[in-house]
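**Q** There's a structure below that I have some questions on.
Each value in this text was obtained by applying a stated rule to the coordinates, not by laboratory testing. Only a predicted model underlies this, so the values are computations on that prediction, with no experimental measurement involved. Neighbour counts are summed over all protein chains in view; Cβ atoms, including those assigned to glycine, are modelled from backbone coordinates with ideal geometry.
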Amino acid sequence: MDAEAHPRKTSSLRVCYFGTYRSEYSRNRILLEGLRRSGVEVIECHAPLWQGIEDRVQAASGGWLKPAFVQRAGRAYARLLAAHRALPEYDVMVLGYPGQFDVFLARLLTWIRRRPLALDAFMSPYLIAVERGLTARHPLTGRLVYWLEKLAYRLPDLLIQDTPEYAEWLRATFGTKTGAVGLVPTGADDVVFHPCDPTPREDGVFWVVYYGSFIPNHGVGTIVEAAHLLQDLPDVRFHLIGDGPDREAAQRMAGEWNLRNVVFSPWLEQQALVRLAGSADLCLGAFGTTPQSMMTVHNKVYEALAMRLCVVTGDSPAIRRAFRHGEELWLCRRADPASLAGAIRTLRADPSLRATLARQGHKAYLAHYTVGPLGDRLKAHLEQLVREGGE
C-alpha cells in the first residue's frame, strides 16, 4: 500500500515532535504519519536513547546509575538541545513515547519559546516496573521512578492517552487532572497491516496464531493451558511467535504436557509476520489480568482486525468500549484457559461466524482506528491546546 493511497489534507498547524522516543515503535509511527495525513507540518527533533523495552527494564533495575548509561543519556540530551536551537518556530511540542523523562528538558525549551507542550503518556514506566517485579527487587529505584513520573505529569499542558481507563488510572495513581487528557486510541499502521491473500493450505490444520511479548500482560500461559485442553481436536494447532521473560515458562509447560499442537517461533521480520498471521484461521489477543492489560486494547488486536482476521481476546471494559463481542470480535474470560478453549471450539465449528467477525471487525477498524482518523483526533486535541494557549 503506497503513499498515494492516503491523500494529504492541509493545515496551518506546525508540530515539533520531540524527545528520545523510540522512532521505530508503532505508536510513534502511527501518530507521526497520522498528523502528516491530517495536513500538519511535523518537525522531528529526535535523539535515540532507548534500545527497546528490555533496555528500559535494565535502566529501571539500576542501570541508570552506571556511567555508560549516564554518558549515553548526556549525549542524547546534548544532541536534542543542539537540534532544537536550529528549529524554526512551531505551534506546539509533542513528546513521543516514551517521553516521561524527556519532559523536564522539553518544558524548559517550550517555556523559552512560549509554546504549549503535550506528552504522549502511552504507558506508565512505573506500572511496567511494578508488573515486571522491578519495584519489589529494587524498591529505591521504584520510588524514584514513581516520583519522577508524578512530577513529569504536572509539567505538560496536555497528556495524550489511548483509553479512558488508563487516563483514570493516571489520575488515581499520580493525581493528573482528568480534563488535561486527550484520548487517541492505539490503532494499527494500515500501510503495514492490511488484508492479504492467504497462502492456500491443504494440510487441514486450524491454525491459531499468537504473536507478541511473552509477559504477564499478555497471559501466554493461559494460551498454552488452552492448547492442553484442546488436544482432543487434532486439527487445532497453535503457533506462538515472539520472545520475553515468560517464554521459557511457556515452553516448559508445553514440554511437561508433551503438547504436539503448539509451535514456538522467535520474532519474525515484519512482512513475514504479516504473511504468516494473515493466513491464520484465528488470531489471539491478550489474556493477562495485570492493570495494564485490563486498561488497554493491545496493538495485536487492532493489527489482526486490520488484516481482516477473526480475533479472540480477553474481556475488559476497555475492549468492550472499542468493539462489540460476537459482532466484531470474540471475548472470553481472562486467565481462564477453559473459557479460551471454549471460544476456540465455538469458532472452529462455525466458519460463517468467523467470517462475519473478521468482516465486521475490519469495518470497525477502518472507521475508527486507522492512521488517518487517529491523526485527525490528535490534530484536534493539539489545535484546541494551541487556541487555549494563545488566549
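**Q** Could you give P(r) for region 168-281, binned at 10 Å from zero, as whole percent values over all Cα-Cα pairs?
**A** 12, 33, 29, 17, 8, 1
**Q** If one computes the Cα centroid of region 322-391 and of region 278-292, what distance in Å separates the two points?
**A** 12
**Q** Enumerate the calculated ³J(HN,Hα) couplings along region 298-314 in order (Karplus 6.51 cos²θ - 1.76 cosθ + 1.60, θ = phi - 60°), each rounded to whole Hz, writing x wherever the residue is Gly or Pro.
**A** My calculation for region 298-314 gives 5, 3, 5, 5, 4, 5, 5, 5, 4, 8, 6, 9, 7, 10, 10, 8, x Hz in order.
**Q** Separation of region 123-176 and region 199-259 by C-alpha centroid, Å?
**A** 32
**Q** Okay, next question. Which residue fluctuates the most in the chain, going by a Gaussian network model with Cα springs under 10 Å, if the choices are Y210, Y77, Y166?
**A** Checking each option, the largest mean-square fluctuation is seen for Y77.
**Q** On to the next question. Treat the count of other C-beta atoms within 10 Å as a stand-in for reagent exposure and order L382, L80 from fewest to most.
**A** L80, L382
**Q** Turning to a different aspect of this structure: Place +1 on the Cβ of every Lys and Arg and -1 on the Cβ of every Asp and Glu in the chain, take the dipole about the Cα centre, and give the residue among L49, A76, G361 whose Cα lies farthest towards its positive end.
**A** The residue sitting most towards the positive pole is A76.
**Q** Principal axis extents for the chain, Cα atoms only, whole Å, descending order, please.
**A** The principal-axis extents, from largest down, are 67, 49, 34 Å.
**Q** Next question, about the same structure. When the convex hull of the Cα atoms of region 206-368 is projected onto a plane and the area is averaged over all directions, what value comes out in nm²?
**A** 8.4
**Q** Using a 7 Å offset from Cα along Cα-Cβ at A380, what residues in region 159-185 end up with backbone N under 20 Å from the label point?
**A** 159-168, 178-185
**Q** Report, in debye and to the nearest 20, how large the dipole of the chain comes out about its Cα centre when Lys and Arg carry +1 and Asp and Glu carry -1 on their Cβ.
**A** 1060
**Q** At what distance in nm do the modelled label points of A249 and E41 sit from each other, each positioned 7 Å from its Cα along Cα→Cβ?
**A** Between A249 and E41, the label points sit 5.2 nm apart.
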